[in-house]
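Engineer: To start, I am sharing the structure in question, which I have written as structure tokens.
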Amino acid sequence: MTEKSTLLTFLRAQRAVVLAILDGLGEEALTKAVLPSGWTPLDMVEHLGDAEWHWFQEIVAGAAGPLLGEHAPRTPAAVFAYYREQCRRSDEIFAATPLSATPRGRHPGPLGDEITDLRGVVLHVIEETARHAGHLDVVRELLDGRTGLGPR
């Protein structure tokens, strides 16, 4: 495997974990906040879609379409479709961009200074997705006691 295919494999695995953890939950559970932050599982999926949008379309490619709230109702089906679409677009940008490519956009603050190429972007998105998959693991356990969900 190449470095690029390995990174994509890990990113896709984390995305799959997020979806697997939430599989089978109804709208009531998806919109219920059980952590002190007040975030619901659906909020987390939308946030992850926004992160894909921001890092790959806005930062790597330097251009981005609208966020979910700008064009669609916020139903579970719409949020999951939005997340999957942002992941699909991210994969296209990732495939067409060398790992050493300098982003066309810039993330504000110190993190923007640290991330200088596509490699840094994808590692950050893997980190972000894994972090929130952990939150969702806890949420699922609090909602219905299920643990150890996901393909890995």
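The values are calculated or read from the model by the stated rules, or taken from the named source; none is laboratory data. For clarity, every value in this text was computed on a predicted model and none was experimentally measured. Cβ coordinates were reconstructed from backbone atoms using ideal geometry, including for glycine residues, and neighbour counts include every protein chain displayed. Please note that ligands, DNA and RNA were not included when accessible areas were found on the heavy atoms of the full protein model with its side chains. Shrake-Rupley method; radii C 1.70, N 1.55, O 1.52, S 1.80 Å.
Engineer: Give the residues of the stretch 89-114 that are hydrophobic (A, V, I, L, M, F, W, C) and modelled with pLDDT under 95, sorted by residue number. Working first, answer last.
Structural biologist: Restricting attention to the stretch 89-114, the residues satisfying the condition of being hydrophobic (A, V, I, L, M, F, W, C) are 93-96, 99, 101, 111.
Correct list: Leu111 only.
Engineer: If you go through the stretch 4-26 one residue at a time, do you hit one that is over 20 Å from Gln86 (Cα atoms) and of a type in the set (A, V, I, L, M)?
Structural biologist: Yes; the residues of the stretch 4-26 include at least one that is over 20 Å from Gln86 (Cα atoms) and of a type in the set (A, V, I, L, M).
Engineer: Also: Could you figure out which of (1) part of a helix (DSSP H, G or I); (2) in contact with a helix residue (DSSP H, G or I) (Cβ under 8 Å, 6 or more places away or on another chain) isn't true of Trp39?
Structural biologist: Of everything listed in (1) part of a helix (DSSP H, G or I); (2) in contact with a helix residue (DSSP H, G or I) (Cβ under 8 Å, 6 or more places away or on another chain), Trp39 misses just condition (1).
Engineer: Looking at the stretch 125-152, which of the residues that are basic (Lys, Arg) and at pLDDT 95 or above is most open to solvent (accessible area, probe 1.4 Å)?
Structural biologist: Step one: list which residues in the stretch 125-152 are basic (Lys, Arg), which gives 131, 140, 146, 152.
The next check asks that each one be at pLDDT 95 or above; those that pass are 131, 140.
Details: Arg131: 108, Arg140: 8 Å².
Only one residue tops the list, namely Arg131.
Engineer: If we scan the stretch 115-124, do we find a residue that is within 14 Å of Leu19 (Cα to Cα), open to solvent by less than 60 Å² (accessible area, probe 1.4 Å) and small (Gly, Ala, Ser)? Walk me through it before giving the result.
Structural biologist: Of the residues in the stretch 115-124, the ones within 14 Å of Leu19 (Cα to Cα) are none.
For the stretch 115-124, residues within 14 Å of Leu19 (Cα to Cα), open to solvent by less than 60 Å² (accessible area, probe 1.4 Å) and small (Gly, Ala, Ser): absent.
Engineer: Now, a different point. Name the one entry in Val34, Val18, Val45 that is part of a loop (DSSP other than H, G, I, E, B), among the hydrophobic types (A, V, I, L, M, F, W, C) and in contact with a helix residue (DSSP H, G or I) (Cβ under 6 Å, 6 or more places away or on another chain).
Structural biologist: Val34
The rows are residues; the columns are (1) modelled with pLDDT of 95 or more; (2) open to solvent by 20 Å² or more (accessible area, probe 1.4 Å).
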{"residue": "Glu3", "(1), (2)": "yes, yes"}
{"residue": "Arg12", "(1), (2)": "yes, yes"}
{"residue": "Arg15", "(1), (2)": "yes, no"}
{"residue": "Leu25", "(1), (2)": "yes, yes"}
{"residue": "Gly65", "(1), (2)": "no, yes"}
{"residue": "Pro73", "(1), (2)": "no, yes"}
{"residue": "Cys87", "(1), (2)": "yes, no"}
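Engineer: All but one of (1) touching a Gly at 6+ places or on another chain (Cβ under 8 Å); (2) within 18 Å of Gln57 (Cβ to Cβ) hold for Phe94; which doesn't?
Structural biologist: (1)
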